[in-house]
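Before I ask anything, here is the structure I am working with.
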Amino acid sequence: MGVAAKKRAWLQRTFKLDIVLVFSSLIIVTMSAVIGFTYVQNRKDTLRLANRVMDQTAQAVIGRTIEYLSPAQTVAELSAELLAGGGSDTAPGGDVERFFLRILEIHPQIGLVYYGDERGNFVQANRDFTNDTLVTRHIDRDRSPPNESYFYRDQEGQVTRRTVSEDIQYDPRVRPWYEGAKDAPLAYWTDIYIFSSPQVPGITAAFPAFAPGGGPLRGVVGADLTLSQLSTFLGELSISERGVAFLMDERGQLIAFPGKSTVITDDKGQVRPLLASEMADPWVTAAIRAYTDRNEKRFEFEHGGETTIAFVAPFPPSFGKPWNTVVLVPADDFLGAIKRNSVHTVAISLGILLIAVYLGLVFAKNIARPVEYLTEEVNKIRDFHLGERIQVKSYIHEIQAMEAAINSMKNGLAAFRLYVPADLVRQMIRSGEEAAPGGQERELTLLFTDITNFTSIAEEMTAREIMVSLSEYFDVISAIISEEKGVIDKYIGDSVMAFWGAPLANERHALSACRAVLRSMRALDALDATRRERGSIPFQTRFGVHTGFSIVGNVGSRERLNYTALGDNVNLASRLEGVNKYYGTRAIISQDTYRYARHDFVCRPLDVITVKGRSAGVKIYELLAEAADSEAETLRAQAGRFRAAFELYLARDWAGALEDFESLARANGADRPAELFVERCRSYLETPPGDDWSGVWRMREK
């Protein structure tokens, strides 16, 4: 189908479809706009809120981390001030030891607090996590010999065991926390490292203790903090259903991660902090990879077919360590409710759409049904099928007006069709020909009929009886012609002129005409039987059929036209109808018609004649029956015998032809054509014609 054809097919929609389409389109457009705007706006607002929540979460983590670490710095700083004056007792049981033990009681996140001086002396208090007891450690290098002692205390602080060793391996002055604090103006934080017992990540805050008045360095105070409690805190955060926050340093080492160990043993057996990129969770490693590639503070990445929102917040510069808080939240944690609501909205909208379509169908049906009914009636009127007065149930004023107009049109056309051939009008409408003067040449099959001795019959009838009888007669023959797709040109007294092949093309026009003749003969025989029963005189009808090219079209004036056929072939068809009187036949067809009908109908050759007004000879045939009729075989045999005798006649074998025609006359009885040829053969045997004889018989009458 071409583009133009598709366009025409689309434009030829039904009224009902248009109403439903309009209803549905308005609802779909409205719903789509509302749903789309709502989703986009809600998504924008939700993401804005998500950014705020993630930022607040990151700042809360930073604040909590600083809050968690600040006691160690404070303890180191206060202890350094205490020890800077030099009056504190660092010996076992002294005030420094008691102070350190008190610090451990107050701050559970501090695992160790200690002090080392420039002479290598060292005092430490630490918490034994295995049995939750306290241990103090003293290294005294001022004694001779130097020794290292441990004091183990129970939960009430009473010493339960003491060990002393002179093999001192530990020197605080070479430890990273001591060396880092010496060069730091204020507090010094070490890098993350793994405590020996228990093996958990931790960090040390160290503070130098200088002699008063800017004197020399006396020593350094340090406090160790385990970072495992930060992981516990992060696990307690409520970011979203699946959101997570964790801490890592500038090298990607995990400082704290909720619910997971941040310690790893490498291939060399060394215990070290776990890198974020080494996490077993591919979601986290994908986030770290995306952060490394983009180096953006806020970004989104795809993992497992899902979008994740990532937020990286650095610790403030005043913290002194380049740590970062990373917050990861699947986008659907924020947008899932919006998507679910959108799905629900779409589902509800589809339900509304279905209801609207149903209501639209009902509404369209109530409107379209009368329109469709009126359209059907108009189409019937177009084909001149005028029925009863229509009644349409509708409260719409325009439809009521159309109903009244159509009924008025029907009334007018019902009267008009009595004067105009309805079949002709139908065919002209179907052919699309314009009703304007003019014509065109077409091959037509033309039919003329006439009632035998109608003038004599009419003299015995009243005018009313003539009109009634002719109307009854024309009803029968006209209906058959119409059924066989013929066009009744005109009624000429008791005669009918009809043709096939225009205005609608009909390749089987000759067959249709012959079939109409045979059907009319049978129907009129039945009518004649009825007329005899009523005491009326029967109408014996003769038929003449000829096929040829004629001018067919509209003839007349601009005010009134007649669709008719003109030309010599029309006259020949009329003459053939009259030839029946001479041969005593009912239906004669020409050679041109026989050429089309010979396989479907049984015909016998009658003669080669010239009619008045024509000089050329025309071979004519008697139309006997359809090839499928029950009597066709018998008639075909008789026609074959007649054809053989006729060929002898044309071959000037009049003696042979005479014998055959006499046999046919005796066999058939009252066979006028056979009797005519018997007379001709006898005449030619007595007085043979000249050598120029062609067998053509010239008709003297019309």
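The values are calculated or read from the model by the stated rules, or taken from the named source; none is laboratory data. All figures in this text were calculated on a predicted structure; none of them were measured in a lab. So basically every Cβ, Gly included, is an ideal-geometry build from the backbone, and we count neighbours across all protein chains shown. These area figures cover heavy atoms from the full protein model, side chains too; ligands, DNA and RNA do not enter into them. Shrake-Rupley method; radii C 1.70, N 1.55, O 1.52, S 1.80 Å.
Taking Ala50 as the residue in question, decide whether it is within 28 Å of Ile255 (Cβ to Cβ), surrounded by 13 or more Cβ atoms within 10 Å (Cβ to Cβ) and modelled with pLDDT under 75.
yes
Take the stretch 172-187 and flag every residue that is modelled with pLDDT of 85 or more and surrounded by fewer than 19 Cβ atoms within 10 Å (Cβ to Cβ).
Arg173, Val174, Pro176, Glu179, Gly180, Lys182
Only residues that are modelled with pLDDT of 95 or more, among the basic types (Lys, Arg) and over 16 Å from Gly640 (Cβ atoms): list them for the stretch 587-618, please.
Arg595
While we're here: Within the stretch 689-702, can you find the residues that are free of Cβ contacts under 8 Å to residues at least 60 places away in the same chain and open to solvent by less than 80 Å² (accessible area, probe 1.4 Å)?
The answer is Pro689, Gly690, Trp693.
How many of the residues making up the stretch 153-193 are more than 20 Å from Leu134 (Cα to Cα) and touching a Lys or Arg at 6+ places or on another chain (Cβ under 7 Å)?
Within the stretch 153-193, residues that are more than 20 Å from Leu134 (Cα to Cα) and touching a Lys or Arg at 6+ places or on another chain (Cβ under 7 Å) number 1.
Could you please tell me which pairs satisfy a Cβ distance under 9 Å, a separation of 6+ or placement on different chains, a first residue in the stretch 77-100 that is within 23 Å of Tyr152 (Cβ to Cβ), and a second residue that is among the acidic types (Asp, Glu) and open to solvent by less than 40 Å² (accessible area, probe 1.4 Å)?
Correct list of pairs: Asp89/Glu97; Thr90/Glu97; Thr90/Asp117; Ala91/Glu97.
Further, regarding this structure: If you go through the stretch 615-624, how many residues are free of Cβ contacts under 8 Å to residues at least 12 places away in the same chain and either touching a His at 6+ places or on another chain (Cβ under 6 Å) or β-branched (Val, Ile, Thr) (or both)?
Of the residues in that region, 0 qualify.
Which of the residues belonging to the stretch 534-560 are touching a helix residue (DSSP H, G or I) at 6+ places or on another chain (Cβ under 7 Å) and either among the charged types (D, E, K, R) or exposed (fewer than 15 other Cβ atoms within 10 Å of the Cβ) (or both)?
Arg542, Phe549
Of all residues in the stretch 190-243, how many are in a strand (DSSP E or B), of a type in the set (Gly, Ala, Ser) and either closer than 15 Å to Pro176 by Cβ or open to solvent by 50 Å² or more (accessible area, probe 1.4 Å) (or both)?
5
Let me ask something additional. Tell me, please, whether a residue that is at pLDDT below 90, under 30 Å from Glu250 (Cα atoms) and in a strand (DSSP E or B) can be found in the stretch 132-154.
No, the stretch 132-154 contains no residue that is at pLDDT below 90, under 30 Å from Glu250 (Cα atoms) and in a strand (DSSP E or B).
Pull up the stretch 432-468, narrow it to residues that are touching a helix residue (DSSP H, G or I) at 6+ places or on another chain (Cβ under 8 Å) and either modelled with pLDDT under 90 or aromatic (Phe, Trp, Tyr) (or both), then point me to the one that is farthest from Lys490 (Cα to Cα).
Met461
Which one of these is over 21 Å from Leu47 (Cα atoms), modelled with pLDDT of 85 or more and open to solvent by 50 Å² or more (accessible area, probe 1.4 Å): Arg289, Arg298?
Arg289
Still on this model: If I ask for residues that are touching a strand residue (DSSP E or B) at 6+ places or on another chain (Cβ under 6 Å) and farther than 21 Å from Arg48 by Cα, which ones from the stretch 276-303 would you list?
Correct list: Ala276, Trp283, Ala286, Ala290.
Here's another thing I want to ask about it. If we scan the stretch 67-88, do we find a residue that is over 27 Å from Gln229 (Cα atoms), open to solvent by less than 50 Å² (accessible area, probe 1.4 Å) and of a type in the set (S, T, N, Q)?
yes
So for the stretch 596-614 (the condition being free of Cβ contacts under 8 Å to residues at least 24 places away in the same chain and of a type outside the set (Val, Ile, Thr)), does at least one residue qualify?
Yes.
Another question about this same structure. Filter the stretch 682-702 for residues that are within 23 Å of Gln591 (Cα to Cα) and either among the charged types (D, E, K, R) or at pLDDT 95 or above (or both) and give the result.
Correct list: Asp692, Arg698, Arg700, Glu701, Lys702.
Still on this structure, I have one more. If only one of Leu112, Leu186, Leu104 is part of a loop (DSSP other than H, G, I, E, B) and aliphatic (A, V, I, L, M), which one is it?
Residue meeting the stated conditions: Leu186.
Could you figure out which of (1) farther than 27 Å from Gly215 by Cβ; (2) assigned to a helix (DSSP H, G or I); (3) open to solvent by less than 40 Å² (accessible area, probe 1.4 Å); (4) touching a residue at least 60 places away in the same chain (Cβ under 8 Å) isn't true of Gly63?
Going through the list (1) farther than 27 Å from Gly215 by Cβ; (2) assigned to a helix (DSSP H, G or I); (3) open to solvent by less than 40 Å² (accessible area, probe 1.4 Å); (4) touching a residue at least 60 places away in the same chain (Cβ under 8 Å), Gly63 breaks only (4).
Go through Ala674, Ala644, Ala632 for me and flag whichever is farther than 21 Å from Tyr582 by Cβ, of a type in the set (A, V, I, L, M, F, W, C) and touching a residue at least 24 places away in the same chain (Cβ under 8 Å).
Unique residue meeting the criteria: Ala632.
Quick check, is Asp95 open to solvent by 10 Å² or more (accessible area, probe 1.4 Å) and within 13 Å of Asp171 (Cα to Cα)?
No; evaluated as a whole, the condition is false for this residue.
Output the strands (runs of 3 or more DSSP E) that fall wholly within the stretch 433-525 and possess 2 or more residues being loosely packed, with under 15 Cβ neighbours inside 10 Å and not acidic (Asp, Glu), or say none.
Those strands (runs of 3 or more DSSP E) span 438-451, 487-492.
Would you please list the contacts, defined by Cβ atoms under 7 Å and residues six or more apart or on different chains, that run from a residue in the stretch 35-57 that is of a type in the set (Gly, Ala, Ser) to a residue that is open to solvent by less than 50 Å² (accessible area, probe 1.4 Å)?
Ala50/Ile309; Ala50/Val329; Ala50/Phe334
Which strands (runs of 3 or more DSSP E) does the stretch 561-627 wholly contain that include 1 or more residues that are surrounded by fewer than 20 Cβ atoms within 10 Å (Cβ to Cβ)?
Strands (runs of 3 or more DSSP E) meeting the threshold: 561-566, 601-610, 618-626.
What are the pairs, 6+ residues apart or on separate chains, where a residue within the stretch 437-460 that is more than 26 Å from Tyr594 (Cα to Cα) and hydrophobic (A, V, I, L, M, F, W, C) has its Cβ under 7 Å from a residue that is at pLDDT below 90 and part of a strand (DSSP E or B)?
Taking only residues 6 or more apart or on different chains, not a single pair turns up.
Continuing with this model, one more query. Taking the stretch 244-275 as the search range and keeping residues that are small (Gly, Ala, Ser) and in contact with a helix residue (DSSP H, G or I) (Cβ under 6 Å, 6 or more places away or on another chain), which one is most open to solvent (accessible area, probe 1.4 Å)?
The selected residue is Gly259.
Failed condition for His138, given (1) in contact (Cβ under 8 Å) with a residue 60 or more places away in the chain; (2) touching a strand residue (DSSP E or B) at 6+ places or on another chain (Cβ under 8 Å); (3) crowded, with 17+ Cβ neighbours inside 10 Å, with all others met?
Every condition holds for His138 apart from (1).
While we're here: Which number in (1) out of contact with any Phe, Trp or Tyr (no Cβ under 9 Å at 6 or more places or on another chain); (2) within 30 Å of Gly567 (Cα to Cα) marks the one condition that Ala625 misses?
So the condition that Ala625 fails would be (1).
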